[in-house]
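Below is one structure; the comments refer to it alone.
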Amino acid sequence: MGGNQEREGDPSDTRPYLCLPYWTAPLTPGGRWDDGAQRPLDTTAVTSWLCDAVHAGPYTPGQPLEVSVDVRNAGGGNSTAMATVVVYWADPTVGFAKPTFLAATVVPVPPSRTTPAMTRTPTMRGTIPASAPAHVCLLVAVSHPQDRAGTVCDPVGDRHWAQRNLTATPVAPGAPALLPMMVANPLAEDGSFTLVVRRTDGLRARQVAAETGTVPGDGALLLRLLDADGAQVGRGGRSVYLELGLGPRDERRFSLLVEVVEELAPGTSLGLEAELFEQSGERVVGSLGMALVGRVE
């Protein structure tokens, strides 16, 4: 998967070592912040669908969207790298197969071996069509001729890729929520996968609340996954579990039907997380965050 390279620690290697950092504070006492070496991401500790390096302004379909991105260069040289940063968008999706180009820029990124410095790109602007959903996913890649991004859209396994992939849906009292989503095979070959959807808690619940301007809510959820014809697939309940096969860069549409057991108060939110696992290695190849927000009457 992806184009990640393990660091060899050779001081004579002066190539850039670029990444889009997912965290800027140590995950454990005595740890370090993200320099790209820890890939694939430990998805039990890192929220893979919400990279802090991707900054997006307010989004309205049909109107220009502003995006800036933080880039780090942990390479061994002394030269500034001219890195290319490309931003894509997609409908809410678990895994990226065919994202759409939004904007691109070039940014000088000096090496940051001794200090965990980042460089922020200039603001990029692009317009997503008015026909797009009210919430979209952003995917970003950083590359350099001596440190290229992999050809697979792999924000979990490749340090050159990152995503901001959280959707929010208002929930009316007593009404279920229907969340459309795409599930995509990012690989260039057939794949067997397991899709898991479950409630978030702890840090992820707080992140969802912070992103939606709410506070974490209480209450159980009942989940069902529906195919394009509206028929239930997989196993539902407090979580969803579905095994599926997908062809190269194949996409399949589903809808997640969510019943909130207790009324969701206005100003509160409940978070969900969908992850797509590659069955052969149990590795996450796609993820999506979803927020249910209590509707203010």
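General remarks:
- By the Kirkwood approach, averaging reciprocal distances over each pair of separate Cα atoms, segment 169-296 gets a hydrodynamic radius of 15.1 Å.
- In the full protein context, segment 14-167 carries 40 Å² of accessible surface per residue, based on a 1.4 Å probe and ignoring ligands, DNA and RNA.
- With protein chains left intact and a 1.4 Å probe, residues in segment 216-292 average 45 Å² of accessible area per residue.
- Apportionment of accessible area to carbon and sulfur, the chain, percent (1.4 Å): 50 percent
- Once the convex hull of all Cα atoms in segment 133-242 is built, its volume per residue stands at 160 Å³.
- Of the trypsin sites (Lys or Arg not before Pro) found in segment 192-268, those that fall in a DSSP loop while having at most 12 other beta-carbon atoms within 10 Å are Arg238.
The values are calculated or read from the model by the stated rules, or taken from the named source; none is laboratory data. In this text the structure is predicted, and so the values were computed from the model without any measurement. Ideal geometry is used to build each Cβ from the backbone, glycine not excepted, and the neighbour counts take in all protein chains shown. Side chains are part of the model used for accessible areas, which takes the heavy atoms of the whole protein and leaves out ligands, DNA and RNA. Shrake-Rupley method; radii C 1.70, N 1.55, O 1.52, S 1.80 Å.
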